[in-house]
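Here, each number is a calculation from the coordinates, and none is a lab measurement. Predicted model only: the values in this text are computed from it and were never measured. Neighbour counts are summed over all protein chains in view; Cβ atoms, including those assigned to glycine, are modelled from backbone coordinates with ideal geometry.
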Amino acid sequence: MRNESTSASHVMKYIGVFGSIQGLNLLMGIIRNKFTSIFLGGAGLGSLVIYNSVGDFVSTSTNLGLPVASVRSLSEIFENGTKEDINYAIRVVRTWSLWSAILAVLVCISCAPLLNSLFDSGNKIDDNWSIALLAPMVFCLALNGCEMAILKGLRRLKRVAIISACVAASLLFTTLPFYSLMNTRGILIALNVSVIVALIIHLCFTLPLYPWRVSPFSIRILRDGWPLIRVGIPFAIAAMATSGSTMALLALILHLGSQADVGYYKMGYTIMVSYAGIVFTSLQADYFPRLSAVNNDIVRRNSAINIQIRSCLIFVAPMLVAMMVFMPWIIRILLKEEFLVINDMAICAAGFIFCKAITTPVAYMALARGNSVLFLVMELIVNFSSVLIIAGGYYLWGITGAGIGLSVSSLFEMLLICVCYHIHYKVHLERPTLSITAEQVIVVGIALTVCLTLPQIWKYVIGVLLISFTLWRSWRVINKETDIIQRMRKKFKNQ
């Protein structure tokens, strides 16, 4: 029990460290989205989302899985290798990342007309070659991903957090001027400038520790990096499936509805899924290397997974209930009146993030074990089904149906992942985890029903009671499984 408590305290510590940084990132994102919605509107946001999705698709399709494979490999070398081993491994990673960046540029330019054809309904993308102008963006994204992987794998987590905060701030100041002065014509310029600045920030934090050394024509370096590529390619295919499914879904919404609906969907997804998902981002940087270190011990990895799930749930559940209850006000504050059409969609998407709180810690098991084939199969099934379910929801019930589809697709993913990983890795949910999950399912379900059916006054009254209950339960769990509260009390008394 002592070990579990210590591990839980460790998790809470990194939620605090990365959560505070992610809170700053969230604030920057809120400000950026607010003014972006004002300057571009729903249709302009739709265009921005399309370009972003294409850029992400090209980037993930050509990064060879290096960001994932590098973290795992460097983490193992960090545990057992020498300084020379680490420096050599970094050179291998950077050399291959440079080639992946060049590949991304070539794919972006050569496939621009084909990618554009997915969004050629009406005047969605005016120039067949406009997507080719994303080449600087995809080049920098490839390098950024590997620089961040180096820091994560070598446990430079404070630098990871600081970089995230600096990049979030830079996005604010490098995009809004173009949107305000040039409207939709400034989208491509803003995207490219923002990722170039992000690359400069990454290098400012990594080069003082590990100077830039690459050997793009060294047979030995390329040969020694091949095991990374062999492990990473299935993950790259999985990432391509994820970004490709996002792009396909946006294309379907565009053809079934309008460009404004693409923007509405993205903002609804951002408010409920991305903002609430701050907890997962806070956990990811520390969790994956830690799980990788114990991946051969069934008892320890099950303990790590269950602690991670409980940690996610006690932070996510109160946040979800509060967001559902106050969603109209959140939309007015974060966006503008035009976007109130996404209110019901965002509320209905609450189930998506709740299921992710359970799925995400379990899904990392395949990554930690290096089982790229199983991970790839799961990702392909999940992404293909998600496109069908969400697009079907949108076709039947519009934007609100897309929110329902998000929750249903996440529920399907949770059941699939938990059953398959139980069979392959003996992953199971412990009794405390099941107990917390059942409680929070009931609370979130009641909140969802109340927010969609009851008058406003009763929604707020019952909603506040539900929020209070979830906060109380979260406090009880933290107090039981960690010594953080005791240490805070002791520190307060000493003062």
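Only helical runs count toward this figure. For the chain, summing -39,500 (n - 2.57) over DSSP H runs of n ≥ 4 and dividing by all residues gives -29500 deg cm²/dmol at 222 nm.
Taking the centroid of alpha carbons for each part, region 375-434 and region 300-350 are 17 Å apart. Given in Å, the Rg to one decimal and the Dmax to the nearest whole number for the Cα atoms of region 2-486 are 22.0, 70. Legend: helices of the chain (whole DSSP H runs) are marked when their alpha-carbon atoms reach 27 angstrom or more along the helix axis and their mean Kyte-Doolittle hydropathy is at least 1.6; marked are 187-206. Look at the dipole of the chain built from charges on Cβ: of Leu106, Leu188, Pro216, the Cα furthest out on the positive end belongs to Pro216. Listing Met240, Met319 from fewest to most neighbouring C-beta atoms within 10 Å gives Met319, Met240.
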